[in-house]
1. How about segment 156-199: which trypsin sites (Lys or Arg not before Pro) there are in a DSSP loop, with at most 11 other Cβ atoms within 10 Å of their Cβ?
2. Taking all pairs of different Cα atoms in segment 1-67, averaging 1/r and flipping that mean, what Kirkwood radius in angstroms comes out?
3. Mind checking the angle between helix 276-291 and the chain's longest principal axis? C-alpha axes, 0 to 90 degrees, to the nearest 10.
4. Among the listed pairs K138/K259; K97/K134; K4/K97, give every one whose C-alpha distance is greater than 29 Å.
5. Which order do the peptides 254-261, 85-92 take when ranked by the mean count of other beta-carbon atoms within 10 Å per residue, highest first?
6. Take the chain, mark every one of the chymotrypsin sites (Phe, Trp or Tyr not before Pro) that falls in a DSSP loop and has at most 15 other Cβ within 10 Å, then report the longest stretch left between them, sites excluded.
7. Provide the convex hull volume over Cα atoms per residue for segment 160-248, in Å³.
8. Return the distance in nm (one decimal) between the two label points of a simple spin-label model at S291 and E243, each offset 7 Å from Cα along Cα→Cβ.
Amino acid sequence: MTLKIGVIGTGAIGRDHTRRITRTLTGATVTALSDVNAESARAVQGALAPEAEIFTTGEALIASENVDAVLVTSWGATHAQYVLAAIAAGKPVFCEKPLATTAEAAFGIVEAEAAFGRRLVQVGFMRRYDASYKMLKKIVESEIGQPLMVHAAHRNPSVPEQYTTPMAIHDTLIHEIDVLRWLLDDDYVSAQVVFPRKTRHAHSGVADPQIVLLETKKGVRIDVEIFVNCQYGYDIQCQVVGEEGLANLPEPMSVSMRKEAKRQSTILTDWRERFVESYDVELQDFIEAASRGTASGPTAWDGYVAAISSDACVQAQKAPGMIVPISLPARPALYQ
Ligand code: NAI
Ligand code: ISE
């Protein structure tokens with residue numbers, strides 16, 4: 001059976017995911033598209049999914065009999081309404097990060113899915129599917145003793161004018177918030193943010209760089225540098241220091257070259273290239289689980305924990321140096 005997928009939000013990643021489903025992955029097709037910008041939906045239909053029907057609202061797309069499963073790739077603030085509608089329709093839904101822009105809205109999704117009684121939601125935390133993070137996790141769990149500290153960095157070459165200081169958390173750090181919890185099999189208890197000297201390349205609406213300090217239940221201390229105007233490339237770093245050694249996230253594959261008295265290798269500049277294979281693997285996983293009427297991978301609970309942790313970090317941004325506690329309610333049985 002071919003899974004019929006409806007895509008809500010046909011911008012950068014919606015278009016890219018549509019391409020993967022129609023050109024790269026197996027077991028699914030895109031039968032429906034919707035975007036508040038109808039022109040964008042038509043452009044994706046023309047280029048990648050000529051058979052797909054265009055719906056004027058995401059809700060109508062979800063209700064369509066020609067849609068078995070839903071991809072939510074619209075702007076973050078609109079995710080929760082569509083995920084809730086998909087759960088109400090009993091249809092598996094892949095939601096790009098963030099699951100919701102407030103912890104309260106994310107918890108509403110957790111409650112709705114728990115009441116439904118079966119997993120339907122997968123959150124787009126693709127780093128859990130990344131081969132280099134999987135290799136790092138294996139080493140962290142078997143070779144370096146108990147983890148004590150993590151030093152991480154998330155650097156983008158530049159960001160658009162509309163990128164703001166809180167987006168460094170909700171849009172960017174959220175990947176580390178999720179992947180480091182998964183890597184350490186731990187949860188956060190507090191967050192703190194400090195601001196180094198601001199780069200002259202950042203526009204007035206964003207404090208850049210930032211350093212986020214997280215502490216986990218097991219006492220691991222984490223520092224994450226977020227530097228979204230670093231100019232030189234898209235660079236994701238992660239080093240775990242354990243009792244008996246340390247482990248680094250592998251660098252993306254690149255030919256090392258010797259030329260003109262220099263040793264050189266290329267640094268990527270675009271997140272799409274850095275995680276291209278992880279996006280393929282995560283969506284193939286979604287297709288397989290959704291074809292069985294369920295979901296796998298990062299859960300709505302993971303999306304909720306990311307939201308509550310993000311909120312604490314944004315609060316910490318407002319009072320630099322202040323330690324903001326993070327506490328979680330009991331985990332519903334569906335996510336044990
Ligand atoms: P974008 O701005 O390129 O595309 C978003 C699209 O959603 C636009 O075409 C817009 O018209 C449409 N849209 C907005 N509100 C809508 C609504 N209520 N109903 C239907 N369509 C609506 O943004 P981009 O970069 O594609 O990001 C989309 C989402 O994907 C964001 O939540 C972002 O955080 C996430 N994302 C995840 C990445 C990852 O690495 N996992 C990478 C990039 C984005
Ligand atoms: C973007 O929205 C993403 O999700 C990318 O994966 C991330 O690295 C980038 O910083 C975000 O802006």
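The values are calculated or read from the model by the stated rules, or taken from the named source; none is laboratory data. Note that the structure is predicted; figures quoted are calculated from it, not measured. Quick reminder, even Gly has a Cβ in these numbers, built from the backbone with ideal geometry, and neighbours come from all protein chains shown. Keep in mind that these areas ignore ligands, DNA and RNA; they rest on the heavy atoms of the full protein, side chains included. Shrake-Rupley method; radii C 1.70, N 1.55, O 1.52, S 1.80 Å.
1. Numbers: sites: R181, R197, K198; in loops: R197, K198.
Taking segment 156-199 and a limit of 11 other Cβ atoms within 10 Å, the loop trypsin sites (Lys or Arg not before Pro) found are R197.
2. Working: mean 1/r = 0.0874 Å⁻¹.
Evaluated over segment 1-67, this radius sits at 11.4 Å.
3. Value to nearest ten degrees: 40.
4. Numbers: K138/K259 36 Å; K97/K134 20 Å; K4/K97 22 Å.
Violating the 29 Å Cα-Cα cut-off are K138/K259.
5. Values: 254-261: 7.9, 85-92: 19.9.
The packing order, highest mean first, is 85-92, 254-261.
6. On the way: sites that count: W75, Y232.
It works out to 76-231.
7. 108
8. If labels sit at S291 and E243, their model points lie 4.4 nm apart.
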